[in-house]
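First up is the structure itself, then whatever we jot down about it.
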Amino acid sequence: MERVYNFSPGPAALPISVLEKAQRELCSYGSTGMSVMEMSHRSKMYLDIFEGAVAQLRKLMGIPADYTVLFLQGGATQQFAAVPLNLGGTPDYVDSGNFARGALKEAQKYGEVHVAGDSSGDNYTHIPETNFRPDASFAHITTNNTIFGTRWPELPDTGAVPLVTDMSSNILSEVYDVNRFGVIYAGAQKNIGPAGVTAVIIRNDLLGRARKDCPKVMNWKAQTDAESMLNTPSTYAVYVAGLCLDWLAEQGGVAAIEKVNIEKAKLLYDFIDNSTMYTNKVLPEHRSRMNVVFTTPTKELDDQFAKEAGKAGLANLKGHRLVGGMRASIYNAMPIEGVRALIDFMKKFEQEH
Ligand code: PMP
């Protein structure tokens with residue numbers, strides 16, 4: 001079967017060269033005579049794979065030496081709890097979307113939280129104004145809101161207060177200065193690799209502050225001391241993530257892919273803005289480059305669009321139930337040809353309806 005253009009929000013499309021390499025190496029990795037899936041996570045051959053993936057992420061993001069990189073399980077959702085449990089105090093959280101709210105709600109289980117911004121009132125079609133407090137224990141934002149298709153155009157200045165971010169849906173899609181952050185965490189299944197790995201990047205001075213009741217497996221210091229292997233890591237997912245990171249390096253790295261991502265998003269938004277059928281309600285300066293949401297004039301046409309697009313080899317365009325309509329997730333592995341094919345289909349659909 002021919003491969004489709006997969007616009008899934010995550011788990012998302014992976015580069016075909018990565019899948020083919022994984023396929024070639026599936027039953028025997030190098031000269032080991034065994035699959036990566038069958039290796040002990042403590043073996044030298046596997047540690048080389050794991051450490052190679054960590055090193056590639058460090059290189060791609062320019063992660064400074066005073067930051068620790070962990071590859072953990074549990075997804076971004078586990079970090080919603082791990083963040084307040086590891087950092088404590090009274091933090092600021094910005095409610096800019098469904099996952100941002102999820103992080104906030106989880107933090108509220110462990111103590112008082114100050115809401116430093118909230119755009120729920122307009123169904124999250126913009127990034128809210130903020131009022132961060134200088135004495136907050138940390139400030140939490142979500143750089144890209146996957147469901148609502150918004151992105152912080154600039155990082156907020158929180159002064160000496162550590163900025164903690166859920167970067168799940170736009171990590172590695174654009175250049176960020178890691179020095180601006182106290183903590184960055186991201187589920188892998190959009191731009192890092194397959195589901196099952198969570199990257200957590202922590203400035204070293206923020207390690208060792210965990211509350212006593214923080215579960216050991218979620219304790220960043222304990223995981224740092226155990227080099228992410230307090231328990232068995234997602235060995236195979238980390239291996240595939242490593243292949244994806246190598247692929248990104250071959251594309252010229254984050255700065256190079258950012259240019260392509262800007263072009264892809266611009267093509268799609270320009271087309272939507274100039275069409276009479278499709279609408280995107282997000283404040284233009286706050287539009288996501290990774291998740292482009294749009295609607296037709298009616299729910300019936302939306303449903304028909306997603307169905308017919310699927311038949312035309314453009315998969316997973318149905319929007320999230322909280323927003324309706326369509327969502328095209330165009331992460332790093334979506335080639336510009338995929339975006340062009342989508343626009344061609346949108347034109348045809350517009351003419352026919
Ligand atoms: N945060 C954001 C921004 C997301 O898009 C998602 C969904 N992948 C999550 C958190 C939840 O991630 P996970 O499924 O890895 O827990």
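Observations on the model:
- Theoretical gain in end-to-end length, Glu154 to Met37 [0.36 nm per residue, Cα-Cα removed]: 38.1 nm
- Calculated P(r) tail over 25 Å for the stretch 1-143, as whole % of Cα pairs: 52
- Förster radius 35 Å - calculated FRET efficiency between Lys299 and Val4 (Cβ-Cβ, nearest 0.05): 0.90
- Rg/Rg_globular for the stretch 48-90, with Rg_globular taken as 2.2 N^0.38 Å and Rg from C-alpha atoms: 1.41
- For the stretch 273-336 versus the stretch 180-259, the gap between their alpha-carbon centres in whole angstrom: 30
- Modelled spin labels at Gln73 and Arg24, positioned 7 Å past Cα toward Cβ, are 3.1 nm from each other.
- Once C-alpha pairs closer than 8 Å and six or more residues apart are averaged by separation and normalised to the residue number of the chain, the relative contact order reads 23 percent.
- Computed over the Cα atoms of the stretch 253-352, pair by distinct pair, the Kirkwood hydrodynamic radius stands at 13.7 angstrom.
- Here the spin labels are modelled as points 7 Å beyond Cα on the Cα-Cβ line, and at Glu51 and Ala249 they lie 1.4 nm apart.
- Rotationally averaged projected area of the chain (alpha carbon convex hull; nm²): 17.7
- Scanning the chain for trypsin sites (Lys or Arg not before Pro) lying in DSSP loops with no more than 10 further Cβ atoms inside 10 Å, the longest uninterrupted stretch between such sites is 43-211.
- The modelled label-to-label distance for the pair Arg133/Asp177, using points 7 Å beyond Cα in the direction of Cβ, is 2.8 nm.
The numbers here are math on the coordinates, done by the rules we state, and not lab data. The structure displayed is predicted, hence computed values, not measured ones. Cβ: placed from backbone, ideal geometry, glycine included. Neighbour counts: every protein chain shown.
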